[in-house]
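What follows is a short report on a single structure.
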Amino acid sequence: MNPINDFLAYVLPYTEWPMFLLLIGGGILLLFYSKFIPFRYFGHAIAITAGKYDDKNAKGDVSSFQALSAAVAATVGLGNISGVAIAIHDGGPGVIFWIWITALLGMGIKFYSCSLSIMYRGTDGEGHMQGGPMYYITKGLGEKWKPLAIFFCLCGMFGFLGVFTANQFTETFMMVIKPEETIFAMETETWKWTIGAVLAVITSLVIFGGLKKIAKVSSTVVPFMVFVYLVAVIVVMIMNSEKVLPALSLIFTEAWNFNTIVTGGFWGLVIIGVRRAMFSNEAGLGSAPMYHGQSKTDNPIKEGLVAMLGPFIDTILVCTFTAIVIILSGAYTEDVSGILMTLEAFERTLFGYGDELLMIIVTAFALSTLFTYSYYGVKCLSFLTNPKIGRLYNVYFVIMIIFAAVASLDLVKNLIDLSYSLMVIPNMIAVLLLAPKVNVAAAAYFKKLKNDRA
């Protein structure tokens, strides 16, 4: 595994500028181009998600709420718990500020990309409704742009593996449960292989059931697990209320530390923030449009408004709370990264039982993420071949879960970071080129909404 990791670490820096320009530059452009729609219609987006404007006769497989829950299931997960810890470990507390900036811009990106997923959805070889970057690239930009869609799908087959989740769940299990002491005495490596195998079996039982089962499981589990996690961090913040403002202050002051010791200096700090934000809420990545493309709606703007709530829930709320707990507990000063840092923070701040509670939450987050991610990979392979061959991705997905359980954190982090950076390129090019089509549809939608309210 070491030569693979060395190769990934070597290639990764070359993707920094394209990712930064497309995500941050493109995000700023879209925000002004939309005349700040994500912020002006935030309340309306919540009303749509609650089902106030549902059309029972609309085409699609799942409700907007289920699509948002499934998309949030794939994003509110270990990216928020251990991804934030990795960000703070690599870049210090100030990196959270750059995660916020990327997330706010991500709301605009998700509005455009998920509107396009409804506007240009097609059917696969079995007649099922499909949406996503590969469809709005080929149907929106034309067949001559198909190489861009193929490139996206090839990168997606690596980016959508559940390797990070499997790796961090295994680390959590080993640290909290200590199975070699409490369950059965065997080598740590053997326990990791065992945990990976069990995770693979559980995931298999769900993912071979198809989209509707995934959506049902996710929409049931996600709101509850997010609620439990938020209650836990709010309790910690109330019990340590005198430390909350200093923690927030540290985030703001360190964000503009031009003399930072982070590799790459200030620029390195910003890049870490952008990478971890993309890993957390996936705005610009192109994964959420795949799920939202199946929603029961005939109005692309409505779906775009629902989708833009994802980065807010996922990053502005969940990531911020996680960061504050890590900072006020002092765990960020320890030489640990990923889930181990967050476990340390929770253990210190929740009467010594915080790590057990986090273990339960991490289990729910990990499983829902694994259930959802496999679906994205199936869509990528199906587009490149056909739906029958596409389903074979699940076999590859399950096998990689086992290997991820024993891999190093650096290896899985670098693999996902590289895949994500490459996926952003075709997706954001398409979103920026097709943005005028969304603006035309948005103008018509908001005009009708105004007339209906009059």
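Using a 4.7 Å cut-off between beta carbons, which cysteines in the chain end up with no partner cysteine at all?
Lone cysteines by the Cβ rule: C114, C155, C319.
Carbon-plus-sulfur fraction of the accessible area of the chain, 1.4 Å probe, in percent?
Taking all protein chains in place, the chain shows 67 percent carbon and sulfur surface.
Using Cα centres only, tell me the gap between the stretch 432-454 and the stretch 96-166 in whole Å.
22
At 1.4 Å probe size, with no ligands or nucleic acids counted, give the accessible surface of I389 in Å², nearest ten.
The accessible area of I389 comes to roughly 70 Å².
What does the extension gain come out to for R453 and I177, with contour length at 0.36 nm per residue minus their alpha carbon separation?
Here the segment from R453 to I177 would lengthen by 93.8 nm.
May I ask for the angle, rounded to the nearest 10°, between helix 409-453 and the longest principal axis of the chain, with both axes built from Cα atoms and the value confined to 0 to 90°?
40
So for the stretch 283-438, averaging the separation of alpha carbon pairs under 8 Å that are six or more residues apart and normalising by length, what relative contact order in percent results?
Dividing the mean separation by the residue count of the stretch 283-438 yields 23 percent.
State, as an integer percentage, the relative contact order of the chain based on alpha-carbon contacts under 8 Å between residues 6 or more apart.
With pairs under 8 Å counted, the relative contact order is 37 percent.
Straight distance only, please: which aspartates and glutamates reach the Cα of K243 with their own Cα at less than 19 Å, same-chain residues fewer than 8 apart left out?
List returned: E254, E334, E344, E347.
Cα-Cα over 22 Å: which of K52/K139; K192/K388; K52/K448?
In this structure, K52/K139; K192/K388 lie more than 22 Å apart at Cα.
When the helices in the chain are scored as -39500 (n - 2.57) per DSSP H run of 4 or longer and the sum is shared across all residues, what 222 nm value do you end up with, to the nearest 500 deg cm²/dmol?
When only DSSP H runs of four or more count, the value is -23500 deg cm²/dmol.
Please compute the net charge surrounding V84, taking Lys and Arg as +1 and Asp and Glu as -1 over other residues with Cβ under 14 Å from its Cβ.
The answer is 0.
If a paramagnetic tag sat 7 Å from the Cα of W193 along the Cα-Cβ line, which residues of the stretch 160-178 would have the backbone N under 13 Å from that point?
From the stretch 160-178, the list is empty.
Quick one: helix 146-159 against the long Cα principal axis of the chain, what's the angle to the nearest 10°, folded into 0 to 90?
The two axes meet at around 20 degrees.
Once the Cα atoms of helix 78-91 and of the chain are each reduced to a long axis, what angle between those two axes, in degrees from 0 to 90 to the nearest 10, is obtained?
Approximately 70 degrees, to the nearest 10.
Given the protein chains as shown and a 1.4 Å probe, how many square angstrom of R391 are accessible, to the nearest 10?
Surface open to solvent at R391 totals about 110 Å².
Could you rank V395, V424, V176 by how accessible they are, 1.4 Å probe, largest area first?
Heavy-atom accessible area, descending, gives V395, V176, V424.
Heavy atoms only, 1.4 Å probe, whole protein assembly: order L434, L250, L381 by accessible area, highest first.
L250, L381, L434
Taking Cα centroids, how far is the stretch 333-393 from the stretch 263-304 in Å?
Taking the Cα centre of each part, the stretch 333-393 and the stretch 263-304 sit 17 Å apart.
Could you compute the net charge surrounding R276? Neighbours are other residues with a C-beta less than 13 Å from the C-beta of R276; K and R count +1, D and E count -1.
-2
Could you compute the FRET efficiency for E143 and I238, with r as their C-beta to C-beta distance and R0 at 41 Å, rounded to 0.05?
Result of the calculation: an efficiency of 0.10.
Over the chain, what per residue volume does the convex hull of the Cα atoms give, in whole Å³?
138
Cα atoms only: what Rg and Dmax, in Å, come out for the stretch 299-454?
20.9, 61
What whole-number value in Å² describes the accessible area per residue of the stretch 231-334 for a 1.4 Å probe?
Value returned for the stretch 231-334: 33 Å² of accessible area per residue.
The values are calculated or read from the model by the stated rules, or taken from the named source; none is laboratory data. Here the structure is a predicted model, which is why all the values come from computation and not from measurement. Don't worry about glycine lacking a Cβ; one is built from the backbone with ideal geometry, like all the others, and counts go over all protein chains shown. What goes into the accessible areas is simple: the full protein's heavy atoms, side chains included, and nothing from ligands, DNA or RNA. Shrake-Rupley method; radii C 1.70, N 1.55, O 1.52, S 1.80 Å.
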